[in-house]
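Below is one structure, written out as structure tokens; comments come after it.
The values are calculated or read from the model by the stated rules, or taken from the named source; none is laboratory data. Note that the structure is predicted; figures quoted are calculated from it, not measured. Backbone-built Cβ (ideal geometry, glycine too); neighbour counts: all protein chains shown. Each accessible area value is taken on the protein alone, full model and side chains, heavy atoms only, with ligands, DNA and RNA left out. Shrake-Rupley method; radii C 1.70, N 1.55, O 1.52, S 1.80 Å.
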Amino acid sequence: MHVLALALVSLHGLVMQGPTQPVCQDGIPCSKPAANVQLVFHGLNGSTVIARTDARGRYALKLRRGTYTVDTLPGRRIGSGLQPRRITVRRTTQRVDFDLDTGIR
């Protein structure tokens, strides 16, 4: 059983950023994939893992099971930042999507 606790989890997902314009309109997307964003996963055990999104806002990495706080590099941007800010990784393969607030109002 101890081996399972150390197994790595394949974590993947999509990061969307928005709003992308001051006034959102019906029929026009108000968010877009967050390309080339660095996500920093800080484990409660002191570990840090960084993943970068691709041009379509997708990311993938392997983490140990546990709870992580997540932020972007070089740190929070204008707006409320990244949501969710804390995740728990449990399954062998897990998807977690993030929203990055641009602060445009």
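List of remarks:
- Per residue accessible area of the chain, 1.4 Å probe, in Å²: 61 Å²
- Magnitude of the charge dipole, segment 1-66, Cβ model with Lys/Arg +1 and Asp/Glu -1, debye to 20: 260 debye
- Computed over the chain, the per-residue total of -39500 (n - 2.57) for DSSP H runs of n ≥ 4 gives a 222 nm mean residue ellipticity of -1000 deg cm²/dmol, rounded to 500.
- Share of carbon and sulfur in the accessible heavy-atom surface of the chain [1.4 Å probe, %]: 56 percent
- Normalised by the number of residues in segment 15-105, the average gap of Cα pairs under 8 Å and 6 or more apart makes the relative contact order 33 percent.
- Sorted from longest to shortest, the spans of the Cα atoms of the chain along the three principal axes equal 53, 24, 19 Å.
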